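The structure under discussion appears below in the form of structure tokens.
The values are calculated or read from the model by the stated rules, or taken from the named source; none is laboratory data. Keep in mind that this is a model prediction, so the values were computed, not measured. Please note: Cβ atoms are built from the backbone with ideal geometry, for glycine as well, and neighbour counts cover all protein chains shown. Heavy atoms of the whole protein, side chains included, go into the accessibility calculation; ligands, DNA and RNA do not. Shrake-Rupley method; radii C 1.70, N 1.55, O 1.52, S 1.80 Å.
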Amino acid sequence: MAEEKVSVAKAVKDIVLSRPAIKECLILDVINYSALARVILKELEKKGIKTSTGAVKMALIRIGEELKKERAFFERRIKSVVAKTVIELQSDLTVITAEKRVVLNKIEELSKVMENARFFQLTQGVETFTLVLSSEEKEEVVKILEDNIVDLIEEQTAIILISPEEIIETPGFVAFIASALSSSGINITQVISCHKDTIFVLDRRDAPKAYQILEELILRMRK
């Protein structure tokens with residue numbers, strides 16, 4: 001009997017964790033447990049797991065409590081990191097995406113540009129490299145890469161968040177910040193993580209609003 005209960009509880013939890021919407025509703029406690037239990041019971045029956053609506057409902061309640069505690073724990077850690085974060089801004093940037101092989105062949109020339117650039121970030125993808133650089137270096141980099149540029153976006157701004165060491169072991173920080181921006185309709189062109197620095201690249205027209213949102217968020221976390 002104990003093995004059966006464990007099996008049902010695990011099966012219910014697997015379903016919940018695979019459905020972000022259900023998971024979020026359980027955390028917020030804005031769900032009808034009985035109705036959800038009936039829906040999940042049908043899924044369990046399709047998998048050959050026999051149980052009752054009551055057993056599924058009890059499992060959901062326990063899972064909900066576990067998720068609330070877990071969320072509260074991580075939120076405290078995230079808030080602590082955000083509170084100790086400082087914000088900087090780099091304006092007038094260009095984002096260039098180029099073929100991987102070409103960037104590798106031109107890496108020495110690009111390194112020389114990087115040494116003197118006001119801002120220069122290089123990120124490797126599967127087939128391409130993306131360079132985020134100060135616009136005054138744009139013409140030189142375009143000349144180095146010649147006709148092998150996949151995409152070029154001008155008039156960008158980087159918001160740089162410099163956080164304490166704890167960020168390295170704190171899950172959810174980037175999601176927390178990105179959510180604050182996206183909920184205000186701000187599109188993020190690039191996200192770059194470099195040790196304690198998290199860099200959000202976005203359109204310069206969105207930069208003032210984004211800076212204000214993040215600055216106010218940091219100040220709230222410090223209270």
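A few comments on the model shown:
- Kirkwood estimate for segment 122-186, i.e. one over the average of 1/r between Cα atoms, Å: 14.9 Å
- Here's the list of aspartates and glutamates a cross-link from LYS46 could span, going by alpha-carbon distance under 18 Å and ignoring same-chain residues fewer than 8 apart: GLU4, ASP14.
- Cα-derived Rg over Rh, computed across segment 16-162 with Rh taken as Kirkwood radius: 1.28
- Principal semi-axes of the equivalent ellipsoid, √(5λ) from the alpha carbon gyration tensor of segment 72-118, are 36, 16, 10 Å from largest down.
- Overall dimensions of segment 115-223 as given by Cα atoms, namely Rg and Dmax in Å: 15.4, 52
- Remark: for residue pairs LYS10/LYS69; LYS68/LYS196; LYS106/LYS138; LYS23/LYS47, the C-alpha separation exceeds 25 Å in LYS68/LYS196.
- A 1.4 Å probe run over the protein chains yields, for segment 29-101, 58 Å² of accessible area per residue, whole-number rounding.
- Accessible surface of ASP206 - all protein chains present, 1.4 Å probe, nearest 10 Å²: 50 Å²
- Once Rg and the Kirkwood radius are both taken over the C-alpha atoms of segment 158-202, their ratio Rg/Rh works out to 0.96.
- Heavy-atom accessible surface of the chain: percent carbon and sulfur, 1.4 Å: 52 percent
- For segment 38-116, the equivalent ellipsoid built from the Cα gyration tensor has semi-axes of 53, 24, 10 Å, listed from largest to smallest.
- LYS23 - accessible surface, heavy atoms, 1.4 Å probe, Å² rounded to 10: 60 Å²
- Computed P(r) (all Cα pairs; segment 36-82; 10 Å bins; percent): 25, 33, 21, 16, 5
- Of the whole protein surface, LEU202 contributes about 0 Å² of accessible area at a 1.4 Å probe radius.
- For the pair ASP14 and VAL30 in one chain, pulling the backbone fully straight at 0.36 nm per residue adds 3.8 nm over the alpha carbon distance.
- Sequence of GLU24, GLU43 from largest to smallest accessible area, 1.4 Å probe: GLU24, GLU43
- Note on LYS100: aspartates and glutamates with a C-alpha under 16 Å away, same-chain residues under 8 apart excluded, are GLU108, GLU109, GLU127, GLU146, ASP147, ASP151.
- Ordered from largest to smallest accessible area (heavy atoms of protein chains, 1.4 Å probe), the residues VAL141, VAL191 come out as VAL191, VAL141.
- Estimated FRET transfer efficiency (ASN116, VAL191; beta-carbon r; R0 22 Å; 0.05): 0.30
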